[in-house]
Amino acid sequence: MKLIITFVFSLLSLTSFAQSNSLSNYREKLSLDKGWRFHLGDIPFPEVKGHLESYFNAKAGKAGGAAATDYDDTNWRILDLPHDWAIEGKIDSTANLAQGYRKRGIGWYRRTFKIDPKDRGKNLELQFDGISTHCTVWLNGNVVHRNWSGYTSFYIDMTDMAKYGDDLNVISIRVDAVDQEGWWYEGAGIYRHTWLVKRSPLHIITDGVFANPVKKSTSEWEIPVEVTLQNSEYLSKDGVISSTLVDSKGNEITAAEIAVKASPTDKTVANLSLKVSNPELWSVEHPILYKVKIVVKENGQITDTLTTTCGFRTIRFTADSGFYLNDKPLKLKGVCNHQDHAGVGVAVPNSLWDFRIKKLKAMGANAYRCAHNPPSKEFLDACDRLGILVMDENRNFNSSSEYMSQLTWMVRRDRNHPSIILWSVFNEEPMQGTEIGYKMVKRMSAEVKKLDTTRPVTAAANGGLFEPINVSQAVDVVGFNYQMDNYDRFHKEHPEMILTSSEDASAYMIRGNYTTDLTKHILDAYDTQRASWGATHRETWKTIAERPYLLGCFIWTGFDYHGEPSPFDWPTAGSNFGIMDLCGFPKTAFYIHQAQWIKDKPILQVVPHWNWEKAGTPVKVMAMSNAEKVKLILNGKVISEQKVDQYEMNSWEVPYEAGKLEAVGYSNGKKVSHFTIETTGKPAQIRLTPDRNKIKGDGWDAVPVTVEVLDSKGMAVQTADLPIEFEVQGSGEIIGLGNGDPNSHEMEKGNKRSLFNGLAQVILQSKEGGNGKLILKANSLGLKSAVLSLEVQAVADIPSVGVIKPYMVLDKWLLSPTSALKPDPNKEIAGNDMNSWQSVTAGQLRVFVDGNFAVYRNSFTPYQAQQDNGGKIVFKDLKGKAEIWLDRKLLAVKKDEAETDFIVQFAHGKGQRELSILIETTVGDNAGLGGFVTVE
Ligand code: GAL
């Protein structure tokens, strides 16, 4: 690797930059999500036997079985990614409880596509953002990648192996979801996006720009911009890289430029510097983003461009007074989360990340721990945009090179996100209190620092921290999981160390349930239930809030997730830890945290519902409020006024009486908030409430819809558990359903779902090219139906790789030596003879130097439909006279020597067929398979 900086200057002519060609022409990032073929279950590779077969089996491009280019996948299911096959199945008592009792297993995916011949010479890369769990990838019959984490992306350079024009490219992926990396629901399949990226030979590599602003003095900032270029050609190239900072309004603020020499087929790292005065700061309240545009030129011509976002913010971690964002103290009000949602499993549409983060922000949370793995890129983009701080966490604790590359991939991909403030290298590792654990963390932390020195490294330990050698000595921030009783002791013994809770609470509740019956797997939502190692929500926050030296909390968890059904097992299939349920419907814990965390507006919420059966039954009423006092009133009669306990909240034992229960909040002697709940009548009608009224017609956008039933007066019946059936019309479909009941075994796909304690959720997704309306109808026997109409906004299609119907290309041939005498076209090739015949591809004519005759040979297995019904072999540009023999029978004769397309029909027949083409031409002429041969 060689970098020659010939000159650096920081002021470019910004106008000439702005006037340069449209920047998008130099790289194309095309979605590869559409039109995959999927087979559930494994497809064993056929046994390889015999010399010839073994010989060719070991050659490039010759992968067998479902990895072979000509494998018959015509009957496989066709689907679009992201896809999680585990969520499609039934809950099954024989499956692993940790994975939500979902069968996972093995699956195969295949995708066939064409690349335009005018893309020859470009650098071509396949990108897979996430496949659960382990996978092997073949491209055009070559194994090109094995991925050993369900949470890391991988990029495959396919430049050399690409086929162009009518020659097809085939990706085959065997996904092994028998393997597990977690003890929670991990889904199964290609559950994040996939891409084909086309770039010029001189281009910026994937994750190749690091641009993270650093504060230099009170008003001065610098963005040290690091750009990694790749020159994929065999000649060295002189390039110029320019970098421009663009503010949130689109103004170009400053620029810099550097010249580089890019060695052939090598990477080159260039460093530029952008200096800025008084930028607008990124914060959780005002997440202002800037853009850094990179342009690469060779001989004055643009070869690549890339734009990345960044934010100006400082982060400071102290051992005595916690965390500071932009030099202002900020207690971390964090939640841990896994990455699945009701109905969709781990195949979460991008827009659902916004939905979930907005819910957390509405609760007053300002931090998110990605438990226990790197999240999707789109999630982090949403955190940047919406303003939430992130602890980005590595999955596998292992300092060997294979696993270290998972860690360094995470840092390289994620280090521009202003939202990320901490890198976590592990969660609860048994070696945390040992020398080995210490050494592994030390090594992993050193690797992180090579890529990013601006954020501290942490590890979430649930013990071992008082051992003589332990991981706290190897991290910048010590993370405690469930160590409430140890915070003070550790702080006293190590006042110089920076401490945070990295995981806490593990309190249990089920939304809308107000009794606990462990035998029935029912938990109340009064914040009374917790794991033996955990604490209630209220205890947790009190402990954190009263310790200024702690950075903050990360509550287990913000949302429920599939799997880990603690404290139960079968038939409970989902977690009970969430502050919100699997759909994002708030449980009581949501309001507890709102009252504790939100200070700038009044919060007041009361539980339970007011639909009890018997008058006089004592009902526990709980009010969550940030006022100074709360008064409870039942049917106009004051029950009592209480001083609000900011940690514990307030509760009353109230003899039930149907009617109206009211709570009023007072601060500074004034009424600041009011909450009312009334006894409802019977369900009379359904109500559908979308999260948004508009949906983009791009086939990706998704909108969750809340389903409730109302009584005849229009009040929501919180106790209803009725079955509802849905129907969709227009430009979209239902991609999943849920109701937040951890004990429910209803299907999460389809068009039916019962309400659980008054609520259910339907997730709608648009169709590509959609416009007009997307209509959802909800019906339930005896109730007035509801109809929801979403406006589908016509938008540009997401640039995608075209979907084609696969066909078989016969591209691997054996060619006999030329001969002066007409040979037997069906002559056997000896099993140990690798050399008399040569391997050739179709599409290239041969010069017949010393004879008139030669034979092409190919064995192929027609697709099942062709085996059943027969088919045709299409020769493009066949030159010379020819006899076409199939299974030693003459099928057709081409009588003239001219180059033409030639089509031969063949009859049905089982299994493999042997095809021989005898070519006859004039000595000295060229002849043979001038174009593709396809079986159709
Ligand atoms: C922790 C663990 C989490 C989850 C939680 C449940 O020990 O880090 O992944 O299992 O317990 O309480």
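Every number in this text was worked out from the coordinates using simple rules, so none of it is lab data. All values reported here derive from a predicted model rather than from experimental measurement. Using ideal geometry, Cβ is built from the backbone for each residue, glycine included, and neighbour counts are taken over all protein chains shown.
Computed on region 223-346, with alpha-carbon pairs under 8 angstrom and 6+ residues apart, the relative contact order is 21 percent. Summing charges over all other residues whose Cβ lies under 15 Å from the Cβ of T434, with Lys and Arg as +1 and Asp and Glu as -1, gives -1. For trypsin sites (Lys or Arg not before Pro), the sites in region 233-330 that DSSP calls loop and that have at most 15 other Cβ atoms within 10 Å are K249. For the pair E233 and A794, label points projected 7 Å from Cα toward Cβ lie 4.2 nm apart.
The largest-to-smallest principal axis extents of the Cα set in region 32-199 are 50, 43, 28 Å.
Note on A58/S405: beta-carbon distance plugged into 1/(1 + (r/R0)^6) with R0 of 25 Å gives a FRET efficiency of 0.35.
Using 0.36 nm per residue and subtracting the Cα-Cα separation, the extra length available between D80 and V893 on full extension is 288.3 nm. Antiparallel beta bridges, as assigned by DSSP with both residues in the chain, represent about 85 percent of the total such bridges. With coordinates expressed along the principal axes, the C-alpha atoms belonging to the chain extend over 111, 72, 57 Å, beginning with the largest. Please say if region 175-299 is rounded, prolate or oblate, where rounded means a/c under 1.5 for a ≥ b ≥ c the square roots of the C-alpha gyration tensor eigenvalues, and otherwise the choice is prolate for a/b larger than b/c and oblate otherwise? Taking the square roots of the gyration eigenvalues as a ≥ b ≥ c, region 175-299 is oblate. Once you order the gyration tensor axes a ≥ b ≥ c over the Cα atoms, which shape class does region 637-745 get: rounded for a/c under 1.5, otherwise prolate or oblate by comparing a/b with b/c? Prolate is the answer for region 637-745, as a/c is 1.5 or above and a/b outweighs b/c.
Taking 7 Å steps out from each Cα toward its Cβ at L518 and D327 produces label points 5.4 nm apart. Dividing the summed -39500 (n - 2.57) terms of all DSSP H runs of n ≥ 4 by the residue count of the chain sets its mean residue ellipticity at 222 nm at -3000 deg cm²/dmol.
Farthest toward the positive end of the dipole of the chain, out of G782, Y290, L759, is the Cα of Y290, where the dipole comes from beta carbon charges about the Cα centre.
With a ≥ b ≥ c the root eigenvalues of the C-alpha gyration tensor of region 146-242, is it rounded (a/c under 1.5), prolate (a/b larger than b/c) or oblate? Because a/c hits 1.5 or more and a/b fails to exceed b/c, region 146-242 counts as oblate. Note on region 685-793: Lys pairs 8 or more places apart or on different chains, Cα atoms under 19 Å apart, count 11. Sequence-ordered 3J(HN,Hα) estimates for region 227-234 from the Karplus curve with 6.51, -1.76 and 1.60 and θ = phi - 60° stand at 10, 9, 9, 10, 10, 8, 9, 9 Hz, glycine and proline given as x. Loop by DSSP (not H, G, I, E, B), at most 15 other beta-carbon atoms within 10 Å: where is the longest site-free stretch of the chain for chymotrypsin sites (Phe, Trp or Tyr not before Pro)? With a cap of 15 other Cβ atoms within 10 Å, the longest stretch comes to 534-936.
Sites listed here are trypsin sites (Lys or Arg not before Pro) in region 832-936 whose DSSP assignment is loop and whose Cβ has at most 12 other Cβ atoms within 10 Å: R888, K895, K910. The charge dipole of the chain, taken about its Cα centre with unit charges on the Cβ atoms of Lys, Arg (+1), Asp and Glu (-1) only, comes to about 1320 debye. Between K90 and L386, the modelled label-to-label distance comes to 3.6 nm, taking each label 7 Å out from Cα in the direction of the beta carbon. Available extension along the chain between E447 and D925 is 165.9 nm, counting 0.36 nm per residue and deducting the alpha carbon span.
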